[in-house]
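First up is the structure itself, then whatever we jot down about it.
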Amino acid sequence: MNFKKILSFVAATTLCFSLAGCTKAPANSGNGGDLIKVGIINNDPNESGYRTANDKDMKETFTKENGYDASFAYSLKNDEQIGYAQKFIQDEVDYLLLSAADTAGWDSVLKDAQAAGVKVILFDRTIDADESLYEASIVSDMAKEGETAVSWLESQNLPEYNIIHIQGVMGSAAQKGRSGALTDTAKAKGWNIVTQQTAEWNAEKAQQIVQSVIDSGKSFNVIYAENDDMAKGAVAALDKANISHGVGKDVIVMGFDCNKWALEELLKKNWNYDGQCNPFQADYIVDIINKLEKGEKLEQKVVVMDEKGFDAATITQDDVNNYGI
Amino acid sequence: MKENAVLELRNICKSFPGVKALQNVDFTLCEGEIHALMGENGAGKSTLIKVLTGVYPKDSGTIMMKGFDKPLNIKSPRDAQNVGISTVYQEISLCPNLSVAENIYIGRQKGSVLSWKKMNEEAQKVLDSLGIAVKPTQQLASCSIAVQQMVAIARAVDMQCKVLILDEPTSSLDENEVAKLFVLMRNLKARGVGIIFVTHFLDQVYEVCDKITVLRDGTLVGEYTISELPRVQLVSKMLGKELDDLSDIKGDAAVFVADENIPPVFEAKGLYSDADIKPIDFTIHKGEVNGFAGLLGSGRSECVRAIFAADKVLGGEVKMHGKPVRITKPIDAMKNGIAYLSEDRKRDGIVGDLSVRDNIILAMQVKEGLFKPISKAKATEYANKYIELLDIKTASVNTPIKSLSGGNQQKVLLGRWLLTNPEYLILDEPTRGIDVGTKVDIQKLVLKLASEGMSVTFISSETDEMLRTCSRLVVMRDRKAVGELSGEELSQNMIMNTIAGGEANGTD
Amino acid sequence: MAQIKTAKTNPVSEFFSKLFRNQIFIPIAALLLLAIFNLIADPSFFKITLGYSSDGNPVLSGYIMTILDYGSELAILAIGMTLVTAASGGQDISVGAAIAISGSVVLRVLCGTDSRPETLQAPIIVAFLVSCLVAMAFGAFNGTLVAYFKIQPMVATLILFTAGRSIAAWINNNELPIVSDKVFSYFGGFLPGIPIPTSFFIAVACMIITALVFKFTSLGLYIQSVGINQNSSRLNGLNPEFIKFITYVILGFFVAVAGFIKVSRLSTINYSVVAKDIEMDAILAVALGGNALSGGKFNIGASVLGAYVIQFLTTTLYKLEVSSEALSAYKAIVVIILVVMSAPIVREKLAALLKKIKASAAAKSAN
């Protein structure tokens, strides 16, 4: 093979990795004396608005001022995350906070952590490992989010329910939880699901799905989108077709995740409902760390966070500021 | 088998679809002999080597070797190696990232436990005995090509080879390296190894070889000892022209007299390119037809490619009409009124999927520039003009050029360059692979264009074609110009003599 | 009698065999097939109704309008992808990521430092032009790797494919900027008073610009020549490297246009999913248009038609409410059929078959 070609390819690949690398390299923030040393492994904050908010919350909480010496590492790949975990164990952190990319493959590294006296706290995502390997796991209950939303919808007492159901990426925890509640209730109550398709969290695809229903001339009065992006796409299609939506209008719009801009839509009464998927886990983690530091025992390993559902009729500007991500 | 013969090939035949590559070829190699295998391209040299080394299966014939009482059945290069036939190719087929010693011994340790120290010692012995100055531990890639070749030879020698085939070993070596290689070859000869030497450098053949076998068009022309066969005879046998029959044919092109007051259309001094040619001096006047003569590989195409900057020009001065010009890429040459019909029609000429029309206007369009597109109507008009003028047989101007016959493709390409209205037209093998009628048409056209004032350089493998059209010939050998013939000197005989070098009957 | 008959059928069969061999046959045939299928399944597919949007503007709606609307970005990309394919014999797989970048640039310029501005911080045209420059710069990056470093196009563009969405995120500091400007939403929606989607007009404008460029320059000939035989092109005075390079820059421009429509549709961008997998659809459009993916001769009209065929298919599948998981499988099946149909060998066979049928029909009628 031509040497020049290889060289240029190597150069280009290196460039590629260095571009990607600048957001992902673990950042150490010095060694504090009596600070609590924590290593935080998260998914890439660029993944979604949810993740961005989650990372921001973590960064704001685990600061020197609050008594922490925190190091952060990001990856969407399990094996890279395991590598970071090993590094943190070597660095002798006190706590390892982990949002795992994948559920499997964590046993051995967590055993290492245990042997080294590093306490592990899981957040946002659970893993397939023995419970004894971690102190606590802070999670959202997606099924509960779905149930809250569906019971809100039920409480609207519509004369009939014709629902466009826009799903997330099939098989993801959020999709399963949020779809499950709607499908079960629709079956029990005899609600009509006009269409049920995945837009893969993608606004454009959601727009096309709703557009297709509009073009077909079928009537509908509820859009149940499993995240805010898809709800936005759906609304764009409604706007184009001059179909009114929001409080007291023709179509009820429901979204999830509580993006700030989505809550603002609620405030303007363009949307009707937004279910929270709480990214603010840092306070829960701090609680647990404080208890562990005092030597208290935790009542339960799995901590399910409080998650709200916002109704356009009752939402306030404060809600937008406090819960918007 | 003949006494002291180490290898005998009898009645070797090999056909490929549509081609008889070898027909009843005999070849005998004796112990301690350096035997040149000569022939123009397509003569069957490489096919013969490949049959001998098991790359191609032979259709019929026998291969006998000393020490074997039955004819050999060589099915793979591995078989060939096992019976003692080793080949060193122009492109080294060793492992560049291993050491010299490793390369000598790789892949043939049977059972014995390998000791690096012992291996290096053994390798040193072999290298010393052959007088190759290289350390066994050195990485092969860090050695020069010449040394790498010698290492390949050392490997062959250490494998007790009886027949060593050297396929164009000298083409990437400088003179010193060639001399060293020859010392090594003579050394092996003294040990009784039979060497088959494939090359197109005549000087080298006469310097180092004992015998010559000449092939032409897949048949055996004959086997000669060096002293029997003067160079000029060798050339005539390779080209297939009997010297005596041709000696009286002279150029019938009119003697061209340049007007001394007008500077030449094109003039080059010390021009050379990265295609490995010696710097050449060259001039052509208005209305003149000249040519480059020489065997294939002599560098004649590379010379004209340098003029057109088809290869990367590395040095030399170029003047047009007495004024210095800079020609670094083909477009520069085109803007200066030079046109170049390339030798390899398929690779460098036609744009296969495009129509005859687009192929005809391509060069003109490029010359005109991106922002002056030729309209479809105008393009059709141009195309039709040259279809008529050159009598191109095509269904329509929209027919893709690849569906035309070779001769008609060539005419389209000729039309392409004539359309650019050049002052100086270079035609490299314009008549190759086309029928006789078209050949004559093209020659006539060349003369007509010249009479209208165009300067033309005409290259052909068929010397009589050049004699008919050119008033002056530059003769090339071993990638440099070795002579210039014009007027009375233009005859087959003289061309061959000049190509061969030295005296007409001498062997140097 | 027989003679007269054959004389009559000859031009017809000639027309058909010519049509079969013509590049544009496959996308047209695919379009007809889809249209016939929908006509049989539900004729209301072709119903177009005139309504009024929430702003009181007249708006045509119906599946056909949806196809013209949503197929436009793909059609625009297909133009550029065709050129890149023709010149370099490879495809740019980074267009989706590049749309994320150029779309982010548009929003960044419009929003300034605030991610949710009350008013636009810069004129829309400025935002568009800046995004063009950025997208063309990234195109130039790809083009340099392909043309001058001679890296396989797919490998070269893999770099931007991987890094592009991270760059897009970085442009807006990981924030999701939202523009609330009526005029800005026109480009992905409707212009006041005009009932046809703006994106379709933009696509048509792109086609016209391209057609004009090819009419008033000889770029088309150069690109085909370089794609077919690089050696010959060089010896005819062309600079093959530069021509390959420039096709990637041109693709960059079309990427910017497509990205502009995309962000205008929703007035925001989600860089991780915007224009996801669009590169595959764009390459498919080129293939459907009967263009050789190994480069050489091209037909942009056929590619554009191919793009709308893909959108036709997508819309049909949405309409049929194909179960969400199976959507891509159905698409794949249709794609396989279309691509096999467009293979030259199959087309030659089809033409031969048709000739045979005609001949036997003629023979029968003669008897």
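Every number in this text was worked out from the coordinates using simple rules, so none of it is lab data. Remember, it's a predicted structure, so these values are computed and weren't measured experimentally. All Cβ positions, glycine included, derive from the backbone under ideal geometry; neighbour counts span all protein chains shown.
The table below gives the values:
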{"item": "Which of B:Phe182, B:Phe197 has the fewest Cβ neighbours within 10 Å, and the rest in rising order", "result": "B:Phe182, B:Phe197"}
{"item": "Fully extended contour minus Cα-Cα distance, from B:Ala395 to B:Ser115, at 0.36 nm per residue", "result": "93.6 nm"}
{"item": "DSSP beta bridges in the protein assembly as shown [antiparallel fraction, %, rounded to 5]", "result": "40"}
{"item": "Principal axis dimensions, largest first and in whole angstrom, of the range A:47-101 by Cα", "result": "32, 31, 10"}
{"item": "Long-range amide H partners of B:Thr87 with built H, under 5 Å", "result": "B:Ile165"}
{"item": "Potential extension, C:Asp277-C:Ala361 segment - 0.36 nm per residue separation minus Cα distance", "result": "25.5 nm"}
{"item": "Nearest 10 degrees, 0 to 90: helix B:356-368 Cα axis against chain B principal axis", "result": "80"}
{"item": "Hydrodynamic radius of the range A:272-325 per Kirkwood, over alpha carbon pairs, in Å", "result": "13.3"}
{"item": "log₁₀ of I(q)/I(0) at q = 0.14, 0.19 Å⁻¹ - the range B:369-508, Debye sum with one point per alpha carbon", "result": "-0.76, -1.14"}
{"item": "Spatial separation of Cα centroids for the range A:98-132 and the range B:475-504, in angstrom", "result": "86"}
{"item": "q = 0.07, 0.14 Å⁻¹, chain B: log10 I(q)/I(0) [Debye, one scatterer per Cα]", "result": "-0.47, -1.33"}
{"item": "Sorted by Cβ density within 10 Å, fewest first, the residues A:His165, B:His321, B:His285", "result": "B:His321, B:His285, A:His165"}
{"item": "Ranked list, fewest to most other Cβ atoms within 10 Å of each Cβ, for B:Trp116, A:Trp201, A:Trp191", "result": "B:Trp116, A:Trp191, A:Trp201"}
{"item": "For C:264-276, mean number of other protein chain Cβ atoms within 10 Å", "result": "5"}
{"item": "Whole-Å distance, taken between Cα centres, linking the range A:219-283 and the range C:41-119", "result": "23"}
{"item": "Distance from the range B:334-349 to the range B:151-181 (C-alpha centre basis), Å", "result": "37"}
{"item": "Simple spin-label estimate for A:Val286 and A:Thr126 in nanometres, 7 Å along Cα-Cβ", "result": "2.7"}
{"item": "Cut-off 18 Å (backbone N to label point 7 Å along Cα→Cβ of B:Ile106), residues of the range B:160-175", "result": "none"}
{"item": "Test item: C:172-181 mean partner chain Cβ contacts at 10 Å", "result": "3"}
{"item": "Integer Hz, Karplus 6.51/-1.76/1.60 couplings in order for the range C:36-43, x for Gly and Pro", "result": "4, 4, 5, 4, 6, 5, 6, x"}
{"item": "Percentage relative contact order, chain B, counting C-alpha pairs under 8 Å, at least six apart", "result": "16"}
{"item": "√(5λ) per eigenvalue of the Cα gyration tensor, chain A, largest first, Å", "result": "40, 25, 18"}
{"item": "Residue-count net charge about B:Arg326 - beta-carbon cut-off 13 Å; Lys, Arg +1, Asp, Glu -1", "result": "+2"}
{"item": "Whole-Å semi-axes of the range C:66-195's equivalent ellipsoid (Cα gyration tensor)", "result": "29, 19, 11"}
{"item": "Estimated distance in nm for a label pair at C:Lys182 and A:Thr63, the labels positioned 7 Å out from Cα along Cα-to-Cβ", "result": "4.3"}
{"item": "Chain C: angle of helix C:2-21 to the longest principal axis, Cα-based, in degrees nearest 10", "result": "20"}
{"item": "Kirkwood Rh in Å, taken over chain C so that all alpha-carbon pairs contribute", "result": "22.1"}
{"item": "Per-residue ³J(HN,Hα) for the range B:447-459, Karplus 6.51 cos²θ - 1.76 cosθ + 1.60, θ = phi - 60°, Hz, x for Gly and Pro", "result": "5, 5, 4, 5, 5, 8, x, 7, 8, 10, 9, 10, 10"}
{"item": "GNM result for chain C, Cα springs below 10 Å: residue of C:Ile283, C:Ile178, C:Ile48 fluctuating most strongly", "result": "C:Ile48"}
{"item": "GNM flexibility winner over chain A from A:Gly117, A:Gly171, A:Gly146 (Cα, springs under 10 Å)", "result": "A:Gly171"}
{"item": "Principal-axis tilt of helix C:300-319 within chain C, Cα atoms, nearest 10 degrees", "result": "80"}
{"item": "Extension gain (nm, one decimal) between B:Lys346 and B:Leu370, 0.36 nm per residue minus Cα-Cα", "result": "6.1 nm"}
{"item": "Label-point separation in nm, C:Ala122 to C:Val339, each point 7 Å along Cα→Cβ", "result": "3.9"}
{"item": "Theoretical FRET efficiency, 1/(1+(r/R0)^6), r = Cβ-Cβ of A:Leu298 and A:Asn321, R0 41 Å, to 0.05", "result": "0.85"}
{"item": "Rg to Rh quotient for the range B:253-302, alpha carbon positions, Kirkwood Rh", "result": "1.03"}
{"item": "Inverse of mean 1/r across different Cα pairs in the range A:102-216, Kirkwood, Å", "result": "16.9"}
{"item": "The range B:5-229, relative contact order in percent, only Cα pairs under 8 angstrom and at least six apart counted", "result": "31"}
{"item": "Exercise: per-residue mean of other protein chain Cβ atoms within 10 Å, C:291-300", "result": "1"}
{"item": "For the range B:349-421, the spread of Cα positions along each principal axis, largest first, Å", "result": "33, 23, 19"}
{"item": "222 nm mean residue ellipticity, helices alone, for chain A (DSSP H n ≥ 4; -39,500 (n - 2.57); rounded to 500)", "result": "-13500 deg cm²/dmol"}
{"item": "Relative contact order %, the range A:234-325, counting alpha carbon pairs below 8 Å whose residues are six or more apart", "result": "32"}
{"item": "Unit Cα scatterers, Debye sum, the range B:307-444: log10 I(q)/I(0) for q = 0.09, 0.22 Å⁻¹", "result": "-0.27, -1.39"}
{"item": "Alpha-carbon spread of the protein assembly as shown, three principal axes, descending order, Å", "result": "114, 90, 72"}
{"item": "4 °C / 1.567 mPa s Stokes-Einstein diffusion coefficient of the range C:232-367, Kirkwood radius on C-alpha pairs, µm²/s", "result": "70"}
{"item": "Expected-Rg normalisation [2.2 N^0.38 Å, Cα atoms] applied to the range C:157-240", "result": "1.72"}
